[in-house]
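Engineer: Got a structure here, written out as structure tokens. Questions coming.
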Amino acid sequence: MTQYIKVGKAEELGEGKAKVAQVDGLRIALFRVGGRFYALEASCPHEGGPLAEGTVEGVHVVCPWHGYDYNLKTGECGQDPDLHVLTYPVKVEAGDLLIEMP
């Protein structure tokens, strides 16, 4: 059964910014781009780089360690089709930022 977990207030995450939240022992990177919120695994599967510290280009985040980019919507890697990060649905309710967890 899925559930939504509160990870903060939507207003705390400014446009073009990112932060990391701990959810059920997992590190989740949260991004606000174009007024939308995205959530994905916080570590790059290439060599563990911190995706929340990466550069956002459109709907992609570029890992600061080796430049691998990941689609914020799908988690797909632009350089290596074998690499992928999990993404999580995000919603805002009463100003709270919520992530859907399986």
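The values are calculated or read from the model by the stated rules, or taken from the named source; none is laboratory data. Quantities reported herein were computed from a predicted structural model and do not represent experimental measurements. So basically every Cβ, Gly included, is an ideal-geometry build from the backbone, and we count neighbours across all protein chains shown.
Engineer: Need the failing condition index for Lys91 against (1) touching a residue at least 12 places away in the same chain (Cβ under 8 Å); (2) farther than 23 Å from Gly14 by Cα, just the number.
Structural biologist: (2)
Engineer: Please state which one of Val85, Val23, Val92, Val61 is touching a Phe, Trp or Tyr at 6+ places or on another chain (Cβ under 9 Å), of a type in the set (Val, Ile, Thr) and modelled with pLDDT under 95. Full working, then the answer.
Structural biologist: On the way: Val85 fails: modelled with pLDDT under 95; Val92 fails: modelled with pLDDT under 95; Val61 fails: modelled with pLDDT under 95.
After ruling out the rest, the residue left standing is Val23.
Engineer: Within the range 17-44, track down each residue that is assigned to a loop (DSSP other than H, G, I, E, B) and within 21 Å of Glu76 (Cβ to Cβ). Quick ask: steps written out before the conclusion?
Structural biologist: If we filter the range 17-44 for residues that are assigned to a loop (DSSP other than H, G, I, E, B), which is where we start, we get 17, 24-25, 34-35, 42, 44.
The answer is Gly34, Ala42, Cys44.
Engineer: Can I ask one more? From Gly35, Gly16, grab the single residue that is touching a residue at least 24 places away in the same chain (Cβ under 8 Å) and on the phi > 0 side of the Ramachandran plot.
Structural biologist: Values: Gly35 fails: touching a residue at least 24 places away in the same chain (Cβ under 8 Å).
Among Gly35, Gly16, only Gly16 is touching a residue at least 24 places away in the same chain (Cβ under 8 Å) and on the phi > 0 side of the Ramachandran plot.
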